[in-house]
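Accompanying notes for the structure given below.
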Amino acid sequence: MKTPYGLEIIESCLSCPVVKERLFCNLPRRALEGLDAISSAATYPKGAVLFIEGQDPRGVFIICNGRVKLSASSADGKSLILRIADPGEMVGLPGTISGKPYGLTAEALEPIQANFIPRDLFLKFLGEHGEAALRVAQMLADIYHATYQEVRYLGLASSAAEKLALFVLDHAAEHGNANPTKEKPVRAILTLTHAEIAERIGSSRETVTRLFSDFKRKHLLEVRGSTLIITDQAGLEKISQG
């Protein structure tokens, strides 16, 4: 079934196409049935805000379709993207588990479908399903790792070129093809805009655009549509190390 946003609606966690791929979705059937029973599905347009930084935690959202950006903002309006959540991922988890306010704002990068689970029902579900609780612990560890990566971009790299090189190398390592060779270099799908990449590394869109042009001119990488190709990994690593 399609919605006004053109999304293919996922009717149940049991029939979800990413059920085998995502950490929390790939649960035993009994747990997925319990998850279905406490979830409320909804669709949201691009730009919709699921929750905002500082808001009391109402619960978690499991992203079924589309992508969600998680960002923090300063008093002067500057925004920093800490993570992009893909289908099958969960947002709002740290606040929901700790009971502390959401630390980030979650905004739809495109039309999305998301399942909302209220905090009290989610905590009860975890208490009844030990395997799901273990997956949550793993997901919190992944969030910790992503935060560490963000510290690397902002704290250890002194220039915008170093930050962008680090971002490109990290993205390629996480999303690139396995066992690259000189004939078949690392390729990774990169769907973020230059403005969104700038928000990831604490820079400006103009600077990111200029640096990408510079990296391409130096034959460090190529960009073909949404495909990023690393043509000189050693060169990028040298820039990332200052």
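For the reader, a short list of remarks on this structure follows.
- Label-point separation, Glu33 to Leu123 (7 Å along Cα→Cβ), nm: 2.7 nm
- Rolling a 1.4 angstrom probe over the protein heavy atoms with all chains in place gives the chain an accessible area of 52 Å² per residue.
- Protein accessible area in the range 86-145, 1.4 Å probe - carbon and sulfur %: 59 percent
- Amide proton proximity set for Leu228, modelled H, under 5 Å, gap of 5+: Ala188, Ile189, Leu190
- Full extension of the segment from Ala141 to Asp214, taken as 0.36 nm per residue of separation minus the current Cα-Cα distance, would add 22.8 nm.
- Phi-based couplings in Hz for the range 108-124 (Karplus 6.51, -1.76, 1.60; Gly and Pro marked x): 5, 7, 7, x, 9, 10, 9, 9, 9, 10, x, 4, 5, 5, 5, 5, 5
- Pairs with C-alpha atoms separated by more than 30 Å, drawn from the list Lys78/Lys100; Lys46/Lys184; Lys46/Lys78, are Lys46/Lys184.
- Our coupling estimate for the range 49-60, obtained by passing each phi through the Karplus curve with A = 6.51, B = -1.76, C = 1.60 and θ = phi - 60°, is 9, 7, 7, 10, 4, x, 6, 4, x, 8, x, 10 Hz, Gly and Pro reported as x.
- Relative contact order, whole percent, for the range 179-242 stands at 33, derived from Cα pairs under 8 Å and 6 or more residues apart.
- Cα gyration tensor, the range 197-242 - rounded (a/c under 1.5), prolate or oblate: oblate
- Shape call, the range 42-112: gyration tensor on alpha carbons, a/c limit 1.5: oblate
- Three-way shape label, the range 114-218, alpha-carbon gyration tensor, a/c 1.5: prolate
- When you count the other C-beta atoms within 10 angstrom of each residue and take the mean per peptide, 131-137, 199-205 line up highest first as 199-205, 131-137.
- Using only alpha carbons, the chain has a radius of gyration to Kirkwood radius ratio (Rg to Rh) of 0.99.
The values are calculated or read from the model by the stated rules, or taken from the named source; none is laboratory data. Being a predicted model, the structure only gives us computed values, none of them experimental. Quick reminder, even Gly has a Cβ in these numbers, built from the backbone with ideal geometry, and neighbours come from all protein chains shown. SASA here: full protein model, heavy atoms, side chains in, ligands and nucleic acids out. Shrake-Rupley method; radii C 1.70, N 1.55, O 1.52, S 1.80 Å.
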